Ligand SMILES: [Zn+2]
């Protein structure tokens, strides 16, 4: 019995064989090996990669302050201002006009450090910081400058009194001239001068100074305190002669504390920042 005869005796088997031959003959060329069906591997899901998003912030880097030289001391030390630029008016804050009060310089330097990383706290203002208004006195640890003159009695206020401690004439000292140069150049509406250790916030001049001093006292460990308008002082000159908002910020010590220096200085930042925004 031939194979045909065997299949023809089973019609269903013959039909399967014919269909298989027909399929194989159409699906592949004669003699070609059958290729396995290769399905593409399922790829693991990866979220779409977003394009880089650049957020423009009011960064400290973009607002990096400039350091400007306002003058030289008797001994030739630079009297420097740190200037944060802004267009909404100007506030000038200084420390160390009395060289035996380094706490004022430390507070201004702490404020500069804060503003470098919190540019919004400049409130859009130009802020001029002078940490070391009397660098010779600070170096020597004396109240006076290198000619034994009290720089804070050498301004051309109406109450200037010439003598050996106040200077023969107003502005005869380079340190007081440097501050007047800064006032003329930047035209601040408000000046804060940091001293110690008389513990109080002392306004000079018009009512706006008193209002600002009261606002600052609400945020400060220091009370509002009316100290006298001293002869030839920066307070007398800026507050009474020029009519600016003028605050003498008297800390309760001359030297920054050794063991809690950071928290001590930071406790006064809020009042100074208020002077920047409202001054
Ligand atoms: Zn002082």
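Residue count for the stretch 62-102, restricted to those that are closer than 18 Å to residue 155 by Cβ, assigned to a loop (DSSP other than H, G, I, E, B) and away from the ligand (no atom under 16 Å from the Cβ): 2.
Which of the residues belonging to the stretch 79-96 are out of contact with any helix residue (DSSP H, G or I) (no Cβ under 7 Å at 6 or more places or on another chain) and either at negative phi or without any contact (Cβ under 8 Å) to a residue 24 or more places away in the chain (or both)? Steps first, please.
Taking the stretch 79-96 as the starting set, the residues that turn out to be out of contact with any helix residue (DSSP H, G or I) (no Cβ under 7 Å at 6 or more places or on another chain) are 80, 83, 85, 87-89.
Hits for the stretch 79-96 are 80, 83, 85, 87, 88.
Give the residue that is surrounded by the most Cβ atoms within 10 Å (Cβ to Cβ), with candidates limited to residues of the stretch 103-134 that are within 16 Å of the ligand (Cβ to nearest atom) and either under 19 Å from residue 220 (Cα atoms) or free of Cβ contacts under 8 Å to residues at least 40 places away in the same chain (or both).
Residues of the stretch 103-134 within 16 Å of the ligand (Cβ to nearest atom): 103-108, 130-134.
Of the ones still in play, those that are also either under 19 Å from residue 220 (Cα atoms) or free of Cβ contacts under 8 Å to residues at least 40 places away in the same chain (or both) are 103-108.
Working: 103: 25, 104: 28, 105: 23, 106: 21, 107: 26, 108: 25.
Result: 104.
Selection over the stretch 151-185 of residues that are closer than 29 Å to residue 65 by Cβ and within 16 Å of the ligand (Cβ to nearest atom) gives a count of 8.
Suppose the filter is touching a residue at least 24 places away in the same chain (Cβ under 8 Å), crowded, with 23+ Cβ neighbours inside 10 Å and within 16 Å of the ligand (Cβ to nearest atom); does residue 141 pass it? Please lay out each step first, then the result.
Numbers: touching a residue at least 24 places away in the same chain (Cβ under 8 Å): yes; crowded, with 23+ Cβ neighbours inside 10 Å: no; within 16 Å of the ligand (Cβ to nearest atom): yes.
Considered against the rule, which asks whether it is touching a residue at least 24 places away in the same chain (Cβ under 8 Å), crowded, with 23+ Cβ neighbours inside 10 Å and within 16 Å of the ligand (Cβ to nearest atom), residue 141 comes out as no.
Throughout, read-outs are computed from the coordinates displayed, never taken from laboratory work. Every value quoted in this text rests on a predicted model; they were computed, and no experiment measured them. So basically every Cβ, Gly included, is an ideal-geometry build from the backbone, and we count neighbours across all protein chains shown.
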